[in-house]
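Novice: Would you mind keeping the following structure in view while I ask a few things?
What follows draws every value from the coordinates through simple rules; no lab data is involved. Computed from a prediction, not measured in an experiment: that's the story for all the values here. Cβ sites come from the backbone with ideal geometry, for glycine too, and all protein chains shown count toward neighbours.
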Amino acid sequence: MSELNIGVLAIQGDVEENVRFTQNALEELEINGKVQTVKTPEQISEL
């Protein structure tokens, strides 16, 4: 199964907390994926 890529928009506060909670949810649900912060439109297209 392919890896799920999730981007958290880093435009306001609590970014690291959102990344951490999302990663924890992936692990708890046993979903193969990664979470990363996104600051630019170019980074969105890389997801």
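Novice: Looking at region 22-36, which of its residues are in a helix (DSSP H, G or I) and under 20 Å from SER2 (Cβ atoms)?
Specialist: Step one: list which residues in region 22-36 are in a helix (DSSP H, G or I), which gives 22-28.
Selection gives THR22, GLN23, ALA25, LEU26, GLU27, GLU28.
Novice: Checking VAL19 against (1) touching a Ser or Thr at 6+ places or on another chain (Cβ under 7 Å); (2) in a loop (DSSP other than H, G, I, E, B); (3) of a type outside the set (D, E, K, R): exactly one of these is not met. Which one?
Specialist: (2)
Novice: I've got another one for you. Take GLU30 and tell me if it is free of Cβ contacts under 8 Å to residues at least 24 places away in the same chain and on the phi > 0 side of the Ramachandran plot. Can you show your working first?
Specialist: Numbers: free of Cβ contacts under 8 Å to residues at least 24 places away in the same chain: yes; on the phi > 0 side of the Ramachandran plot: yes.
The answer is yes for GLU30.
Novice: Pairs only if they're at least six apart or on different chains, beta carbon under 7 angstrom, first in region 8-27 and touching a residue at least 24 places away in the same chain (Cβ under 8 Å), second assigned to a loop (DSSP other than H, G, I, E, B); list them, first residue then second.
Specialist: From region 8-27, the pairs are ALA10/LYS39.
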